Amino acid sequence: MNIIILDGYTLNPGDLNWEGFERIGKCTIYDRTAMDQPNEVIERIGDAEIVITNKTPISREVIEACPHIKYIGILATGYNVIDTQAALEKEIIVTNVPTYGTHAVGQFAIALLLEICHHIGHHSQQVKEGAWANNLDWCFWDYPLIELLGKTMGIIGFGSIGQATGTIAKAMGMNVLACDPYPSNNGKLIATYVNIDTLFEQADVIVLHSPLLPSSEGIINKSNIEKMKHDVIIINNSRGALIVEQDLAEALNNRRVQAAGLDVVTTEPIRADNPLLYARNCIITPHISWASKESRARLMAVAVRNLQVFLQGMPVNVVNRR
């Protein structure tokens, strides 16, 4: 069994191992493969039966040029980089890894919020640069410090990750609202389900945990921002395109939005001309919510298991069933 891993570095930069795949067959691992060079993808896949990818696209062109492919495993939950219809036509099974990072992503959403509330990194740096030692008072702060007790968090997208975030927020004494097309009994134990306009109007903090759908793309835009509280905080570690970035940047700069904490942007890596890079009170991290070692180890284990059960004729986590 010939296995090609096209872009393994982000999952395993050296602190995990590939033994699970290597026990299954001959395994060739590339740290990265050019995302915009289908000829390189085709060349690297060659006559391999098993292709493992994270963000390297597997297009119809690639699928048609590599007739030996039997299985494509995605090292992620999202599978938009695969032409699943072309794979289905060629009877290629495509699998993903769902729910591996639920708690890590929920934890990171809260971390972004707490950094906005306290600016711990900034104040630590100020101390190291001598600002405290040279201060006339026994304490100082450069930003307003925010207490979350009694405030309202509105979560757009209340699946497993949204519920993980909501559970932490509730434990901190926040009221939790949720907007999701599929309310669940478990979700009702954590939050009050409301429509989107009610969430915009009542939330002090808005957290995005929604998949990117036609109905959710650009949901944070100038029109909807006008429905929000004037000191609202916006957190997004879901999908960058949920936000119209120019609209949010303008709202931050004119103080219509108090602050934003973002782990994702529309184009990644971030472009130098992204307006949010220069926006007031905007924290941006480089898409790392998912990347705790524990989370990546779970992802690796599920990806290996997906391949094992496929080879046993019992595929799971298939995203292109008829």
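Bear in mind that the values in this text are calculations on the coordinates, not laboratory data. Predicted model only: the values in this text are computed from it and were never measured. Please note: Cβ atoms are built from the backbone with ideal geometry, for glycine as well, and neighbour counts cover all protein chains shown.
Observations, loosely collected:
- Amide hydrogen proximity for S289: with H placed 1.01 Å from N in the peptide plane, no residue at 5 or more positions away or on another chain lies under 5 Å.
- For the listed residue pairs K90/K293; K26/K70; K26/K55; K55/K188; K170/K229; K151/K227, the alpha carbons are over 24 angstrom apart in K90/K293; K55/K188.
- A Förster distance of 30 Å, applied to the separation of the beta-carbon atoms of V127 and T285, puts the FRET efficiency at 0.85.
- Loop-exposed GluC sites (Glu not before Pro) per DSSP, neighbour cap 13 Cβ within 10 angstrom, longest uninterrupted part of the chain: 227-322
- DSSP loop chymotrypsin sites (Phe, Trp or Tyr not before Pro) with at most 13 other Cβ within 10 Å: longest gap in the chain: 142-322
- Annotation note: trypsin sites (Lys or Arg not before Pro) in the range 182-260 located in DSSP loop regions with a Cβ neighbour count of at most 12 within 10 Å are R255.
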